[in-house]
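The values are calculated or read from the model by the stated rules, or taken from the named source; none is laboratory data. Values in this document were obtained by computation on a predicted structure and should not be read as measured data. Virtual Cβ from ideal backbone geometry, glycine too; neighbours counted across all protein chains shown.
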Amino acid sequence: MSGRSGRSPAVCFLLGLPRSGTTLLAHLLQHHPDIVAPPEPWLMLALEAFGWVDSCHPAGSALIEAATSQFLGRINRTATSRAFADAAYDQYLAEAGKRIILDKTPRYWTALEFLDSVYPEAPHILLMRNPLCNRRFLEIYVGHPAAGRKLAYY
């Protein structure tokens, strides 16, 4: 729980595919006096991966997973993730002097079930973009060879 009279922080998730306008929208929304929009915190992706060990870990992933599985298997991962996220978001809000945190991490679309389990009340803003626009961006600005032929429209 948060330090603000036991309430959880007001969180809104902004997600979308790359080049869909999430950064622009976050910049616009943070001009509201109650909203803070930190640069992509990726917090919920890290919490979703909590307890997973990379196979290249020097201590040995099998050993670490065996040692921690009994402990982690006995805790409520959703409640633990919520408590940690609440504490992190609350501290960020307190330091910013704001009331609402806009967590702009476009790749959260890969973890929607986790977001809904941890923050079922939090709104999601999903930005979508025509994939042909991304292709055109690659052609014009990046000169990416995989972008294919030039398109006749913009």
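Sort out which residues of segment 30-51 are within 18 Å of the chain's Cα centre (by Cα), in a loop (DSSP other than H, G, I, E, B) and on the phi < 0 side of the Ramachandran plot, and write them in order of number. Matches in segment 30-51: 30, 37, 38, 39, 40, 41, 49, 50. For segment 53-76, the set of residues classified as without any contact (Cβ under 8 Å) to a residue 12 or more places away in the chain and in a loop (DSSP other than H, G, I, E, B) consists of 54, 55, 56, 57, 58, 59, 60, 73, 74, 75, 76, listed by residue number.
Considering segment 1-29, and only residues there that are touching a Pro at 6+ places or on another chain (Cβ under 8 Å) and part of a loop (DSSP other than H, G, I, E, B), the residue that is modelled with the lowest pLDDT turns out to be 2. Looking across segment 96-113 at every residue that is within 14 Å of the chain's Cα centre (by Cα) and in a helix (DSSP H, G or I), the one that is surrounded by the most Cβ atoms within 10 Å (Cβ to Cβ) is identified as 108. Listed by first and then second residue, the pairs with beta-carbon distance under 8 Å, at least 6 apart or on different chains, first residue in segment 21-33 and surrounded by 13 or more Cβ atoms within 10 Å (Cβ to Cβ), second assigned to a loop (DSSP other than H, G, I, E, B) and not aliphatic (A, V, I, L, M), are 21/129. Residues in segment 81-95 that are surrounded by 15 or more Cβ atoms within 10 Å (Cβ to Cβ) and not aromatic (Phe, Trp, Tyr): 81, 82, 83, 85, 86, 88, 90, 93. Taken over segment 114-143, the criterion of being farther than 14 Å from residue 14 by Cα, modelled with pLDDT of 95 or more and in a helix (DSSP H, G or I) is satisfied by 114, 117, 118.
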